[in-house]
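Here is the structure we will look at, set down as structure tokens.
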Amino acid sequence: MANIKLFLLFSIAMLILIFPIPHTISIRYISALLILLPLLFMFKTLKLYKLNREIKYIFALIVILTLWIYFVAFFISDETSWSLSEIKSQWLTPMLYFFTFLMLGIYSTTVDKTFQKNVYAIIFLMFFVHIAYIDLYALKSYAINKVIISRFEGLTEGPDKSNYLTNILLSFIMTEIIYRLRIRKNFLNINNFTLAILFILTILSSVFEGMRNGVIAIIFLGITSTIFSLYNNKYFTKKFKMITTLFIVIIITIPAIYNFKNDKRWDTLMQTIPIALDTKNNRNWIDSKESLPKLNNGTTVSDSNYKRIAWFYEGLKLIIEHPLGMGFGRNAFGHGIKKKYHLQKQTGHSHSGLIDLGVGIGIVGVLLWSMFCLYIIYMSYKYIMLYNSYFAIIVFFNITGFYSRFLVDSNMRDHMFQTFLVILGISLIYMFKDKEDYEKNKLHTGK
């Protein structure tokens, strides 16, 4: 048994560490397989029939959505073979990760509490390795060049990818802080000083990544964390709550203030909107040979501001024109634009998961995915309020963070989607375990 535990912990560490590192697909699959095989060997002992009723609702939504994805591919899409290939790599593979970590959660909660804590600690640590690398590299660069670097990608292939890791780790840290403030217990075996250092380092990494959407996500995380920490908290006075709220808001908004001050794209965002929406006359969004349009003052628009808005607008038009979808795929938007405008060259994704998914599987598909996310958000909030569940907070932060980024980033793809489902899968099981422990404790104490 001890050997199996060590084997699983090593495999989990390897998978989480290399997930966001480019050109590591084979290692990811091997790591995932090393986790899955022992679990399949012990499948009969996992007692899946005892799964919570609510997780069965989640399974049902996944099955219905999967059937709809295949229906669109076979009966509506003009590119069935391409869509089927995308379904295999971008839907079925992530779902395999999801179910693997569901089983891992079940196994680790049936072994002992220590092993469950070790699994979570390993996941936490591997995320921190990435954030530590970002901070150390940026601080070293500042010491040499006296310049604060921005849009640094760390070990990933882009600053948006590294920023996902920052926000995930920050949600873990905020969960621990909330738990200590509200329940007066800790889950991670680290003292308050160390936790504070980890918090500061993670906030700092967001500054070095310089991602606008990530900053907005941090602000939302800060507001919800403050509410969860202090609302109806009997341990603190009203004055202390006000001071703590102010402190958290100030710390959380540091990346936002820095980003607003140093990212010039904010300055021209509002002026760019009407120009970007005029997709007939301003065509750089579809043809890079065309010149970028000009603002009223004669300066060129921000390439990112302009294209993101134009792509989102054209994507909405595609969804309205094809409400049942055009075939699931990472670059469904690009395929749809190529077909609509008879282009020779394929464009890519829309930089919005909402648009990519809507073009791919239509309004029905977006509604089904939204039902999946909103149901879990509701369920996790209920578990926070009723059972003081540590992992319900993680589930809540994980899915609200992913879904909000889904609206403005193409994150429902590749390792970003897989990482989200890995965390969701194991956290859901741990959340149900929290409820079970709460009810046992209540029965035992009579409180």
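Can you find even one residue in the stretch 183-197 that is open to solvent by less than 50 Å² (accessible area, probe 1.4 Å), modelled with pLDDT under 90 and closer than 27 Å to Tyr120 by Cβ? Yes, the stretch 183-197 contains a residue that is open to solvent by less than 50 Å² (accessible area, probe 1.4 Å), modelled with pLDDT under 90 and closer than 27 Å to Tyr120 by Cβ. A search for C-beta distances below 6 Å between a residue of the stretch 171-182 that is of a type in the set (Ser, Thr, Tyr) and any residue that is modelled with pLDDT of 90 or more, counting only pairs 6+ apart in sequence or on different chains, returns Ser171/Phe397; Thr175/Ile393; Thr175/Ile394; Tyr179/Tyr390. Criterion first (more than 21 Å from Tyr231 (Cβ to Cβ), open to solvent by 30 Å² or more (accessible area, probe 1.4 Å) and without any contact (Cβ under 8 Å) to a residue 24 or more places away in the chain) does Lys338 satisfy it? Judged against the criteria, Lys338 is a match.
Checking the conditions here, which among Ile377, Ile363, Ile394 is buried (at least 18 other Cβ atoms within 10 Å of the Cβ) and in contact with a helix residue (DSSP H, G or I) (Cβ under 8 Å, 6 or more places away or on another chain)?
Details: Ile377 fails: buried (at least 18 other Cβ atoms within 10 Å of the Cβ); Ile363 fails: buried (at least 18 other Cβ atoms within 10 Å of the Cβ).
The match here is Ile394.
The condition (being modelled with pLDDT of 95 or more, open to solvent by less than 20 Å² (accessible area, probe 1.4 Å), polar (S, T, N, Q) and under 24 Å from Ile173 (Cβ atoms)) is satisfied by just one residue among Ser370, Ser427: Ser427.
A Cβ distance below 6 Å, combined with a sequence gap of six or more or placement on separate chains, defines the contacts here; from the stretch 274-288, residues that are under 16 Å from Asp303 (Cβ atoms) reach residues that are open to solvent by less than 90 Å² (accessible area, probe 1.4 Å) and among the small types (Gly, Ala, Ser) in the pairs Ala276/Ala310; Thr279/Ala310; Trp285/Ala310.
Kindly indicate whether any position in the stretch 405-412 is open to solvent by 30 Å² or more (accessible area, probe 1.4 Å) and within 30 Å of Glu436 (Cβ to Cβ). Give the steps one after another, and end with the answer.
Step one: list which residues in the stretch 405-412 are open to solvent by 30 Å² or more (accessible area, probe 1.4 Å), which gives 407-408.
Pick out the ones that are also within 30 Å of Glu436 (Cβ to Cβ) and you get none.
Taking every residue of the stretch 405-412 in turn, none turns out to be open to solvent by 30 Å² or more (accessible area, probe 1.4 Å) and within 30 Å of Glu436 (Cβ to Cβ).
One residue stands out among those in the stretch 204-238 that are at pLDDT 80 or above and under 14 Å from Ser162 (Cβ atoms): the one that is surrounded by the most Cβ atoms within 10 Å (Cβ to Cβ), which is Glu209.
Does the stretch 104-139 hold any residues that are more than 14 Å from Lys5 (Cβ to Cβ) and open to solvent by 50 Å² or more (accessible area, probe 1.4 Å), and which are they? Before you say what the answer is, go through the steps one by one.
We begin by selecting, within the stretch 104-139, every residue more than 14 Å from Lys5 (Cβ to Cβ); these are 105-106, 123-139.
The answer is Leu125, Val129, Tyr133, Leu136, Tyr137, Leu139.
Just the residues that are open to solvent by less than 20 Å² (accessible area, probe 1.4 Å) and under 19 Å from the mean Cα position of the chain (by Cα), please, taken from the stretch 19-31.
Of the residues in the stretch 19-31, the ones open to solvent by less than 20 Å² (accessible area, probe 1.4 Å) are 19-20, 24, 31.
Hits for the stretch 19-31 are Phe19, Pro20.
Selection within the stretch 291-321: residues that are within 17 Å of Asp356 (Cα to Cα) and of a type in the set (Asp, Glu). The member of this set that is nearest to the chain's Cα centre (by Cα) is Glu314.
Residue check: is Phe391 modelled with pLDDT of 95 or more, within 16 Å of Arg413 (Cβ to Cβ) and among the aromatic types (Phe, Trp, Tyr)? No: the conditions fail for Phe391. Within the stretch 80-103, the only residue that satisfies the criterion of being modelled with pLDDT under 95 and open to solvent by 50 Å² or more (accessible area, probe 1.4 Å) is Phe99.
The values are calculated or read from the model by the stated rules, or taken from the named source; none is laboratory data. All values reported here derive from a predicted model rather than from experimental measurement. Quick reminder, even Gly has a Cβ in these numbers, built from the backbone with ideal geometry, and neighbours come from all protein chains shown. Protein only, heavy atoms only, side chains kept; ligands, DNA and RNA dropped before computing areas. Shrake-Rupley method; radii C 1.70, N 1.55, O 1.52, S 1.80 Å.
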